[in-house]
Amino acid sequence: MSYVIIGNSVAAVGAIEAIRRIDKETPITVISDEPYAVYSRPLISELLAGQVKEEMMGYRAPDFYERHGVEAKLGTRVVSIDSKKKTVKTEAGESIGYNKLLIATGGTPFVPPMKGRELGRVMTFIKMDDAKKIEEMLPELKHVVVIGAGLIGLKAAESLHHRGVKVTVVELADRVMATVLDVEAGKVVQDALENAGIDIITGDTVDEILGDNMGLVNGVKMKSGEALDCDAVIVAIGVVPNAAFAKASGVEVNRGIITDDHMRTNLPDVYAAGDVTEGLDYLSGDNRVMPIWPNAYIQGKIAGFNMTGEERIFTGGLAVNSIELFGVPVVTAGMSNVDSDDLEVLKKSEGGSYRKIVLRDNKVVGAVLVGNIDRAGLVTGLIRERIDISAMRERLLADDFGYIDFPVELRKERLGVAL
Amino acid sequence: MKTYQLPEVKIERDKDRCIDCQVCVRQCAFEAHKVDEDGDVYSEDEKCVACQRCVSLCPTNALTIKDNTPFVKDNANWTAETQKYIWKQAETGGVLLTGMGNPKPYPIYWDHMLLNASQVTNPSIDPLREPMELRTYLGSKPDKIDIKMVDGEPVLNTKLAPQLMVKTPILFSAMSFGAVSYSVCEGLARASKELGTFWNTGEGGLPQNLYEYGPNTIVQVASGRFGVHSEYLDAAAAIEIKIGQGAKPGIGGHLPGEKVGPVVSRTRMIPEGSDAISPAPHHDIYSIEDLSQLIYSLKEATEYTKPISVKISAVHNVAAIASGIARAGADIIAIDGFRGGTGAAPTMIRDNVGIPIELAIAAVDTRLRDEAIRNRVSVIAAGGFRNSADVIKAIALGADAVYLGTAALVAMGCHVCQMCYTGKCNWGIATQDPYLEKRLNPDVAAERLFNLVSGWSHEIAEMLGGMGLNAIESLRGNRLHLRSIGLSTEEMDILGLQAAGSPMA
Amino acid sequence: MKRVYTKEEACIGCRLCEVHCLTEHSRSKNIIKAHKKEFPRAISRVLVEELRPVSFAVQCRHCDEPVCVEACITGAITKDESGKVVHDEEKCVGCWTCVLVCPHGAPRRDLERRKVAKCDLCPDRETPACVEMCPNRALVYEER
């Protein structure tokens, strides 16, 4: 008997920790193409900014694998799965048998087909090596263009700015963080970035990356026709599931690997979790790829339990994002930026602070908080537990919204009983 | 109107110690502490009532409340207090109101009585090694008992009147729900159960949730008849007819409508928000015979299963009145001396009407003995018992047991600021404000009361043992164990005491 | 495991729990120094909510399935063998993800240090400071 996990990030850790809560014996093998023990990917921006040292990047203690009885095959890429023989094959030709297999290979940055994308110093920014590469070239960088004003792009921009590099962010939409923020919230964030000295170009995109005779980036040409000089380009448009090898091995893949509520794929004893999957969305009830850190852990955990035979149901992922840019914290949860007739929006804007709550049938389904984000989790909890907010509607936007505003019985249950 | 009243206290805040945590601000219902826009805390002396709540809770001991008795030109007649009262009335035109018991420096006779102890002869008893009986029974005792022998065993052939058994001669005095908070009632009830003694509802009725403590509860029937119904009488261990109260002999009571919230309203059976006015007399009692009718009505109502107590203030004619009460059929007479507390009384009455409990106990005990009816009633003394020595002296003077009111409140946190009537008690005692009431956790209240009475009981046992006695009942009325010091002959006569130094008779 | 529970019927809203929590988590553990001399000032991990007459203290519930542990991006928050949800300040980068997901709103933001502060059940004491110093026993530390 053995468990094999392909991938070595948060979903893998979720699975390992769940498996070991039930099954302390059976060997677990983790296979990852990255050479590092599990580290925190969201921290690469802090690493680049010089705020976190490499030795602090570990997501778990150095003895994590040992303590959990895990054999970690790092720097090893899996190329195929044979679900009949129950083996996975590595790039080096090694065949590793499994009884239960978890695919947790995460996502790959999406780089759209455009002229110049093969040039030197056209970068993506999701792995530790990406940060290290940028670090190496830092002395040569005076101006960097970041394509995409999502979480990754903006964190990359902030980090480079901290290192003294001039940054221009180019975003096709009309505002930053357009997937999760509405116009008002986007403006607060954009103001913060611009006040700090970052150039933001919205409603435009890079049409072509220009290179010099050394094959290195020296500028970009915008769709609008404008051209900018720069020394590097970071493409941060988004990530796509890293599922090609799985698909080739017979795993059913739509945008991501299709999973059921046990995190099972279509192949027997093969599970999938994290950014590679297309799992249930808690609020919409549809399946979709939700590349969100906590979601990956939870999916990994559910998969882990089910792999041991301990049945657990995945009730659906809830999109939550937290980011702080130049001292302005921004958090979003659920349907933070969806327009629909059945939704009711409460919002309040004061100074640099913005608070928005999205309701559907007297239940919170989405929230955005900018500036004062204290106790935002109370609202997230309302979403997750589908609590009727009729009795506290008037208080939802208050800065000091708290348990005091909850119905007494619910509050007592929450405070008296551990969730 | 601009007040001419001068601040009586000074609040000193040690700014080096103050951390601006605002605990004092939140704790003061009189708003003597405030916080300004910068978050700096400051105080307003004139609002302070010296209840010491802020001092007790200040986590850095930054606060001290000091006496700031206003300086008025030296004058024994027109003292600062006298002038304060006049200013107050000149501003309000009202009756001066106050709380708690008579604070005036009248003689405290307890402090002029000394207890005896055994030496060599009749050796003392160590209560840690030998049995010591603090238990006593409150109720009417027969003139004689008849015993018959059945199969060689003695069997009591006399029907005894109902008795209250107390494990220690200390009961909790009547304090009504409404005047005091629910937490106080719960604390008293729970402590009584633990201690094997009784608490007294006063005229506030018995809150529904406290019916389970009925076996440790004395319920009152007072002139307003608030909260009196058959389940109330049935729930109780004994019933007390309240005629008078030491703090305000001769006048009734008044619970303002603000204090009559939903629970008080249900318990007293009066509309929410209405004033609860207890008339000065019972309108059906104008004679001992009328009193007797009420006593027997209550006995009938409860089928002669519960002792009936009658509570009166200690007034000039207390001995004769007590005799009448005993003859009217009461099982217990409770006498409340002029230092007994109150939630609200006119200051002039509290400070000038009634007599000290020490004199009343002696006078009543003597009178009932002289009339050979002392056995017919038990005597509970009340009114300012401060410690276990006061209690044991009261018993030696002739009481069967004592009631604690003020001491119980002090145990629960009261600092005797005398502002009970304002309803803003910062200790959660004399208030119906739910925000303030929470400050008295019934768990804590019950525990502190239990501790206090346990401590006093230990001390009483020690002192009894020292006198060579092993039962509290052996001391009752045994005035030879007391000697007076510094009293006039008349006072010694009334108290029935010899001077310290005079030999055992 | 033992947890801190609030008894709202006994909470008097004095906020001494906050004062003593801050002190316990200061460098000096001296109440006056902690409040007046230490910069950055420690912050309390317990929060009193109040709408008079109701008040109660809220702090980390040390959940059985803590969402914060699952959501923490750096691995700073873990659940130890005793069941305690522990927070490693060294690893915390102040991303506020736990603030966003905790259904109790328990993690507090320490803006000076840019780190989260949460109840650690006072590892240096037998009974957490908030419980021990509550003047009205409105907080209890017990197994339920």
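Need one word for segment A:329-416: rounded, prolate or oblate. Basis is the Cα gyration tensor (sqrt eigenvalues a ≥ b ≥ c); a/c below 1.5 gives rounded, then a/b vs b/c decides.
oblate
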Practice task
Please list the non-local residues whose amide H lies under 5 Å from the amide H of A:Gly366, H modeled 1.01 Å from N, same-chain partners needing a gap of 5 or more.
Solution key: A:Met335, A:Val358
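Quick check: net charge around A:Ser45, other residues with Cβ under 15 Å of its Cβ, Lys/Arg +1 and Asp/Glu -1?
Values: positive: A:Arg41, A:Lys53, A:Lys127, A:Lys132, A:Lys133, A:Lys155, A:Arg163, C:Arg114; negative: A:Glu46, A:Glu54, A:Asp129, A:Asp130, A:Glu135, A:Glu158, A:Glu324.
Its environment carries a net charge of +1.
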Practice task
Could you check which residue among A:Ser224, A:Ser336, A:Ser249 shows the biggest mean-square fluctuation in a GNM of chain A with a 10 Å Cα cutoff?
Solution key: A:Ser224
Completion exercise
Given Cβ charges of +1 for Lys and Arg and -1 for Asp and Glu, the option among B:Pro434, B:Val379, B:Gln418 whose Cα lies farthest towards the positive end of the dipole of segment B:372-434 is B:Val379
Problem - Distance cut-off 32 Å, percentage of C-alpha pairs in chain A lying past it - result: 42
Practice task
Could you please state, rounded to a whole Å, how far the C-alpha centre of segment B:1-71 is from the C-alpha centre of segment A:10-52?
Solution key: 57
Handout entry: Built amide H within the under 5 Å cut-off of C:Asp110, gap 5+
Key = C:Lys115, C:Val116, C:Ala117
Fill in the blank from the handout: One finds the C-alpha centres of segment A:259-317 and segment B:117-160 to be spaced, in Å, by 80
Handout entry: C-alpha long axis of helix B:288-301 to longest principal axis of chain B, angle in °
Key = 80
Completion exercise
Once Lys and Arg are counted +1 and Asp and Glu -1 for all other residues with Cβ under 12 Å from that of A:Lys73, the total becomes -4
Practice task
Would you mind working out the magnitude of the charge dipole of segment A:122-235 relative to its Cα centre, with +1 at each Lys and Arg C-beta and -1 at each Asp and Glu C-beta, to the nearest 20 Debye?
Solution key: 240
Exercise for the section: Determine the shielding of peptide C:49-58 by partner chains: average, over its residues, the number of Cβ atoms on other chains within 10 angstrom of each Cβ. Expected result: 6
Practice task
Output ³J(HN,Hα) for segment C:111-117: one whole-Hz value per residue in order, computed from phi by the Karplus curve 6.51 cos²θ - 1.76 cosθ + 1.60 with θ = phi - 60°, and x for Gly and Pro.
Solution key: 5, 5, 8, 6, 9, 7, 10
Exercise for the section: Go ahead and estimate [θ] at 222 nm for the protein assembly as shown from helices alone: -39,500 (n - 2.57) per DSSP H run with n ≥ 4, summed, over the residue count, rounded to 500. Expected result: -7500 deg cm²/dmol
Exercise for the section: For segment A:26-106, run through the trypsin sites (Lys or Arg not before Pro) and keep only the ones in DSSP coil with at most 12 other Cβ atoms within 10 Å of their Cβ. Expected result: A:Lys53, A:Lys84, A:Lys85
Completion exercise
Checked against a 26 Å limit on the C-alpha separation, the offending pairs among C:Lys36/C:Lys79; A:Lys100/A:Lys247; A:Lys53/A:Lys89; B:Lys73/B:Lys104 are C:Lys36/C:Lys79; A:Lys53/A:Lys89
Completion exercise
Taking every residue of C:29-41, the Cβ atoms of other protein chains inside 10 Å of its Cβ average out to 2
Problem - chain B: angle of helix B:182-195 to the longest principal axis, Cα-based, in degrees nearest 10 - result: 30
Practice task
Would you give the gap between the C-alpha center of segment B:301-315 and the C-alpha center of segment B:446-501, rounded to a whole Å?
Solution key: 26
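For the pairs A:Lys348/C:Lys118; B:Lys2/B:Lys84; B:Lys66/B:Lys88, flag any whose C-alpha to C-alpha distance is greater than 25 Å.
Flagged as over cut-off: A:Lys348/C:Lys118.
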Practice task
Using the Karplus curve 6.51 cos²θ - 1.76 cosθ + 1.60 with θ = phi - 60°, work out ³J(HN,Hα) for each residue of segment A:122-130 in order, rounded to whole Hz, and write x for Gly and Pro.
Solution key: 9, 10, 10, 8, 10, 10, 4, 4, 4
Problem - Test item: A:331-339 mean partner chain Cβ contacts at 10 Å - result: 1
Completion exercise
Using the Kirkwood formula on alpha carbons, the hydrodynamic radius of the protein assembly as shown in angstrom works out to 34.8
Completion exercise
Total charge of the residues flanking C:Glu143 in space, meaning their Cβ is under 11 Å from its Cβ, with Lys and Arg +1 and Asp and Glu -1, is +2
Practice task
May I ask you to evaluate 6.51 cos²θ - 1.76 cosθ + 1.60, the Karplus curve with θ = phi - 60°, for each residue of segment B:95-100 and list the ³J(HN,Hα) values in order in whole Hz, giving x for glycine and proline?
Solution key: 7, 5, 10, 7, x, 6
Practice task
Just order A:202-210, B:407-415 by mean Cβ neighbour count inside 10 Å, highest at the front, would you?
Solution key: B:407-415, A:202-210
Fill in the blank from the handout: Of the residues A:Leu343, A:Asn218, A:Gly381, the Cα lying farthest along the dipole of chain A towards its positive end, which is defined by charges on the beta carbon of Lys, Arg, Asp and Glu, belongs to A:Gly381
Problem - Simple Cβ-charge dipole of chain A, Lys/Arg +1 and Asp/Glu -1, about Cα centre, in debye nearest 20 - result: 840
Fill in the blank from the handout: Protection proxy (average C-beta count within 10 Å per residue), highest first, orders A:231-244, B:61-74, C:79-92, A:368-381 as A:368-381, A:231-244, C:79-92, B:61-74
Problem - Among B:Ala328, B:Ala247, B:Gln119 - extreme Cα towards positive end, dipole of chain B, charges at beta-carbon - result: B:Ala328
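Coordinate-derived values only; no laboratory data. Remember, predicted model here, so these are calculated numbers, not experimental data. No Cβ is skipped: glycine too gets one built from the backbone with ideal geometry, and neighbour counts run over all protein chains shown.
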